[in-house]
Amino acid sequence: MKKVIVTGGLGFIGSNLIELLLEKKYKVINIDKNTYSSNFYNVKEFKKNKNYSFIKCDIANRKLAKIINKHRPIGIFNLAAETHVDRSIDGPESFIQSNIIGVFNILEIFRKFSVKNKKSRLVHISTDEVYGDILTGRTKENYPYNPSSPYAASKASSDHLVSSYVRTYKIPAIVTNCSNNYGPKQHPEKLIPKLIYNIITNKKLPIYGKGLNSREWIYVKDHCEALIKVFEKGKIGNFYNIGSNKNVINLDISKKLIKIAKSKIKLGKNVKIEFVKDRPGHDVRYALNSRKIIKKLKWKPKINLNSGLKQTFEWYLNNIKYFKSVNKDDIVRRLGLKT
């Protein structure tokens, strides 16, 4: 059986990826250091699966080498990262540690490991935020990096590190840059699950600025399908953009969720949009050109935004206990106000 490692597998995208890998008959080792954004609720459906195992470890810890050398995976999906822009504004140090030092540690270990395990591959998962503000058009893989936040800068640094190791040491690695994900199991500090939480609990829906910031949204399961396609068919040393090619402003996301909620539950009187102070350096628009993965690897997203939002809302509505598994302060506390 094909064995792979997923780092950050207790998180949102990582847990969804593991679920899909298990369905595709991979044996999966989940490595996660179990921070605030990690959640064992995310793996409860498959935690007893004989092809799944969990190891607590920080990717910046050198004992990671023993784990990789012991299990000898044919692939490593690196999703372990600090991801919330607002948190990176308030405290960037943990982002440097995880997203740069941690990736450096993986690369050093994988550089030595791949010498004897030439068929193994590393897929490093990154973000569209490395490209910065894209006011017009859509960014191809060769577009210059111009990150705006400490989070985006740390991810840009990790991408460059991976690319340099491919060129210098010839390691078999690939980088993916994805647009905004949404779907089941996403931490409610992020926009869509936070709005859903506030709708369900009869609270106002906070929207930065005037709600005109534009994002390209992709359903998490579509993203995970793309990651497996990149792992199985992608070309070593390449970068692949993964997106839906559909942009929506944050205000419209809120309106769509309110409309969906009205068909599912009775809305409380406090459920209304409230514009709040914008965060420092907030990018206006992200937009990817994903023609490369569509053309070269024959992948394309299957789930449109309206259907995906409906499925997402229903998941949280049916998994109210999920919110209880998260520190309430992490849901309601406003971050990213430091200047």
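Some points to look at:
- Value at 222 nm in deg cm²/dmol, rounded to 500, when DSSP H runs of n ≥ 4 in the chain each add -39,500 (n - 2.57): -11500 deg cm²/dmol
- Pairs over the 28 Å Cα-Cα cut-off, from the set 221/259; 48/235; 119/221; 259/328; 266/300; 3/112: 48/235; 266/300.
- Cα shape, the range 144-252, gyration tensor, a/c 1.5 rule: prolate
- DSSP beta bridges fully contained in the chain are about 10 percent antiparallel.
- Shape call, the range 50-105: gyration tensor on alpha carbons, a/c limit 1.5: prolate
- Here the relative contact order of the range 206-339, from alpha carbon pairs under 8 Å that lie six or more residues apart, stands at 39 percent.
- Highest average first, the peptides 35-46, 312-323, 78-89 ordered by how many other beta carbon atoms sit within 10 Å of their residues are 78-89, 35-46, 312-323.
- Normalised by the number of residues in the range 117-181, the mean separation of alpha-carbon contacts (under 8 Å, six or more apart) gives a relative contact order of 50 percent.
- Between residue 264 and residue 167, the simple spin-label model (points 7 angstrom out along Cα→Cβ) gives 4.6 nm.
- Anisotropy class of the chain from Cα gyration tensor, a/c 1.5 cut: prolate
- Applying D = kT/(6 pi eta Rh) to the range 1-123, where Rh is the Kirkwood radius over alpha-carbon pairs, T corresponds to 4 °C and eta to 1.567 mPa s, the Stokes-Einstein value obtained is 88 µm²/s.
- Given +1 at the Cβ of Lys and Arg, -1 at the Cβ of Asp and Glu and no other charges, the dipole of the chain around its Cα centre is 1280 debye to the nearest 20.
- Each Cα pair under 8 Å and six or more residues apart adds its separation to the average, and for the range 163-231 the resulting relative contact order is 40 percent.
All of the numbers you see were taken from the coordinates with simple rules; none came from a lab. Since the structure is predicted, the reported quantities are computational estimates derived from the model, not experimental observations. All Cβ positions, even for glycine, are placed from backbone atoms using ideal geometry, and neighbour counts span all protein chains on display.
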